[in-house]
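Report on the structure given below.
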Amino acid sequence: MATQRIHDRAILDALEALTPEPLATTTWRIVRKGRDPLRGSAAFGRWTPIGEFEVLYTSLARDGALAEVGYRLGLEPVWPTRIQHRLHEIAVRTARTLRLADLAALAPLGVDVNRYESFDYSATRAIAAAAHFLEFDGLIVPSARYQGSNLVLFTDRVPAAGLKVLRGEDVNWKEWRKVNRQG
């Protein structure tokens, strides 16, 4: 028997007090070559309550998408050279997105802003679960790896017509690492 998540009332109240906004913007997303860039994930992530629903992680800046994935790849004991990635530019249209675009907006929701870059995702996952429960379609949130914002979309809340891949290009990690002094 599946259990239902019990949401923190304070988070629900705080999110309900915010005014959602429609978005019409361009975002960036990196995926392994051959993977559908519009396919979400229900796996381990800062804004993904594991197994509850899928999210599509995107960045509002091209360099933000590179920084997010480059950071993860850099955690490996040896930089993975055989994995190829593509950077996709995606047009996004949403109707009810919450803007929590800086750390000051996250602190009242229980996020320890001094540890935002860590892998303690309990507070951010609780926020995402509450936002999904309240039927928002996504969150604009600060990037933990870049001075900019990410757009996290709840794939079951954004209609297929709201997402369109505009173009894609291969990622040259060797060049990125050289420019960003990563090894």
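Key figures
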quantity: Single match in Ala61, Ala65, Ala101 (criterion: buried (at least 16 other Cβ atoms within 10 Å of the Cβ) and touching a His at 6+ places or on another chain (Cβ under 9 Å)); calculated: Ala65
quantity: Subset of the range 54-71 that is under 10 Å from the mean Cα position of the chain (by Cα) and not hydrophobic (A, V, I, L, M, F, W, C) - its residue that is farthest from Asn180 (Cα to Cα); calculated: Tyr57
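For (1) in contact with a Leu (Cβ under 7 Å, 6 or more places away or on another chain); (2) aromatic (Phe, Trp, Tyr); (3) over 14 Å from Gly138 (Cα atoms), each residue gets a yes or a no:
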{"position": "Arg32", "(1), (2), (3)": "no, no, yes"}
{"position": "Asp36", "(1), (2), (3)": "no, no, yes"}
{"position": "Ala42", "(1), (2), (3)": "no, no, yes"}
{"position": "Trp47", "(1), (2), (3)": "yes, yes, no"}
{"position": "Val55", "(1), (2), (3)": "yes, no, no"}
{"position": "Glu68", "(1), (2), (3)": "no, no, yes"}
{"position": "Tyr71", "(1), (2), (3)": "no, yes, yes"}
{"position": "Gly74", "(1), (2), (3)": "no, no, yes"}
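Here, each number is a calculation from the coordinates, and none is a lab measurement. Keep in mind that what you see is a predicted model, and the values were worked out from it rather than measured. When we count neighbours, we look across all protein chains shown, and the Cβ atoms used for this are built from the backbone with ideal geometry, even at glycine.
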